[in-house]
């Protein structure tokens, strides 16, 4: 179902982020992301003598993150084809601080701790967070048994990880009936 019709408006910014996961011949996986920002009008950039032309990319950035089947980052590469300042291209190498790290709970915090502020490029850092989800979905899609993975407590790792997988929802009732718990209604004595 589409969104409700909007009020009258005009576009002021367009960001496109595209992410893909690839299985490599050597058993590793490449997760690639590309971010492009545009304005539909001439845009005056900080410290630039001329406005940036309408519709031209303000940012065109790409990251390739290589991971193994346990989601450990093996390599990082970035290309900053269009940036507001030439010095921005120097941040491509800052992503190497994540080589050796594992994509798991706490990934977003780890990325922010290592690349926040002057340690790296905000846009590259922001791309790395959803790239983790793309990596997990890409690798897990080739390993159906991982969808049913259980933790040390014997419960599915997906249990209570999102709205649909809440213990009281029908998805859990169908997928893991032994872990289903009906929702307690307010005021009930159960």
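Using a ≥ b ≥ c from the Cα gyration tensor of the chain (square roots of the eigenvalues), is it rounded, prolate or oblate, where a/c under 1.5 gives rounded and otherwise the larger of a/b and b/c decides, a/b for prolate?
Oblate.
Which one, 171, 97, 67, has the greatest fluctuation when you compute a Gaussian network model over the chain with C-alpha springs under 10 angstrom?
Of 171, 97, 67, the Gaussian network model singles out 171 as fluctuating most.
Connecting C-alpha atoms closer than 10 Å in a GNM of the chain, tell me which of 154, 27, 138 has the biggest fluctuation.
Of the options given, 154 has the highest mean-square fluctuation.
Roughly how many whole Å is it from the C-alpha centroid of the range 115-171 to that of the range 13-83?
21 Å
Using only Cα atoms and rounding to the nearest 10 degrees, what angle (0 to 90) does helix 122-142 make with the longest principal axis of the chain?
Between helix and principal axis, roughly 40 degrees.
If you build a Gaussian network model of the chain, linking Cα atoms that sit under 10 Å apart, which residue out of 61, 98, 159 swings the most?
It is 159.
Taking only C-alpha pairs under 8 Å that are 6+ residues apart, what is the relative contact order of the chain in percent?
The value is 13 percent.
Laboratory data are not the source of any read-out in this text; all were calculated from the coordinates shown. This one's a predicted model, so the numbers in the text were calculated from it and none came from an experiment.
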